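The values are calculated or read from the model by the stated rules, or taken from the named source; none is laboratory data. Note that this is a predicted model, so its numbers are computed, not measured. Glycine gets a Cβ as well: all are built from the backbone with ideal geometry, and neighbour counts include every protein chain shown.
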Amino acid sequence: MKSNLSFVTLHTADYDRARAFFVDILGFEPTEERPGANAFVSTSGAGLALRENKALKTPLGQGVTVFFTVPDLQAYHDQLTAAGVELIESMHEMPFGSTFTVATPDGQWLGFWQGEG
């Protein structure tokens, strides 16, 4: 059976803080919103959702990194470090190109690499 990834949901105990991080710091644009949850869906069809679960304890997402492409990796890296985002892995080379990894306020890891954003 062939399958395609359709979306990833990141759970958070503090939805307002998580939403502010993704929208105000990372620059993501919500495509769907409802109380305690939203979605960021790219034109390629893959999506990322946030969902509140007040019973969760941080850090979350240990052992998983969700990767995103951005059109200007260095500029985005500079923007996030200037905003004080926690850097997990500094800019480095991988077989697919340059990449870096940050942590969300809940401790989930997000990776970014140069590509069509």
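Restricting to segment 47-61, and then to whatever is in a loop (DSSP other than H, G, I, E, B) and either of a type in the set (G, A, S) or under 18 Å from S90 (Cβ atoms) (or both), can you tell me which residue is farthest from the chain's Cα centre (by Cα)? Give the steps one after another, and end with the answer.
As a first pass, look at segment 47-61 and keep what is in a loop (DSSP other than H, G, I, E, B): 53-61.
Next cut, either of a type in the set (G, A, S) or under 18 Å from S90 (Cβ atoms) (or both) only: 55, 61.
Working: A55: 21, G61: 12 Å.
This residue is A55.
Could you please find all residues in segment 1-37 being among the acidic types (D, E) and either assigned to a loop (DSSP other than H, G, I, E, B) or on the phi > 0 side of the Ramachandran plot (or both)?
Taking segment 1-37 first, the residues among the acidic types (D, E) are 14, 16, 24, 29, 32-33.
Those that are among the acidic types (D, E) and either assigned to a loop (DSSP other than H, G, I, E, B) or on the phi > 0 side of the Ramachandran plot (or both): D14, E29.
Could you list, in sequence order, all residues of segment 90-102 that are surrounded by 14 or more Cβ atoms within 10 Å (Cβ to Cβ) and touching a Gly at 6+ places or on another chain (Cβ under 9 Å)?
Residues of segment 90-102 that are surrounded by 14 or more Cβ atoms within 10 Å (Cβ to Cβ), as a first pass: 91, 98-102.
Listed by number, the residues that qualify are T99, F100, T101, V102.
Each residue in segment 35-58 was checked for being in contact with a strand residue (DSSP E or B) (Cβ under 8 Å, 6 or more places away or on another chain) and either more than 12 Å from A18 (Cβ to Cβ) or among the hydrophobic types (A, V, I, L, M, F, W, C) (or both), and 10 of them qualify. The residue list D72, D106, D78 contains one member that is acidic (D, E) and closer than 13 Å to F21 by Cα, which is D106. Every condition in (1) at pLDDT 90 or above; (2) outside any loop (DSSP other than H, G, I, E, B) is met by F40 except one, and the failing one is (1).
To keep it simple, each residue is scored yes or no on (1) closer than 15 Å to G115 by Cα; (2) β-branched (V, I, T).
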{"site": "G27", "(1), (2)": "no, no"}
{"site": "L56", "(1), (2)": "no, no"}
{"site": "Q62", "(1), (2)": "no, no"}
{"site": "Y76", "(1), (2)": "yes, no"}
{"site": "T81", "(1), (2)": "no, yes"}
{"site": "V85", "(1), (2)": "no, yes"}
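In segment 62-101, the residue that is nearest to F28 (Cα to Cα) out of those that are in a strand (DSSP E or B) and touching a helix residue (DSSP H, G or I) at 6+ places or on another chain (Cβ under 7 Å) is V70. Out of V64, V85, one residue alone is among the β-branched types (V, I, T), surrounded by 17 or more Cβ atoms within 10 Å (Cβ to Cβ) and either over 20 Å from Y15 (Cβ atoms) or within 13 Å of the chain's Cα centre (by Cα) (or both). It is V85.
Here is a yes/no grid of residues against (1) aliphatic (A, V, I, L, M); (2) modelled with pLDDT of 95 or more; (3) farther than 14 Å from T104 by Cβ; (4) surrounded by 11 or more Cβ atoms within 10 Å (Cβ to Cβ):
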| position | (1), (2), (3), (4) |
| --- | --- |
| A13 | yes, no, no, yes |
| L60 | yes, no, no, yes |
| F68 | no, no, no, yes |
| Q74 | no, yes, yes, yes |
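Could you count how many residues in segment 36-58 are of a type in the set (D, E, K, R), exposed (fewer than 14 other Cβ atoms within 10 Å of the Cβ) and within 15 Å of T9 (Cβ to Cβ)? Matching residues across segment 36-58 total 0.
Output yes when any residue across segment 102-113 is at pLDDT 90 or above and assigned to a helix (DSSP H, G or I), and no when none is. No, there is no match, as no residue in segment 102-113 is at pLDDT 90 or above and assigned to a helix (DSSP H, G or I).
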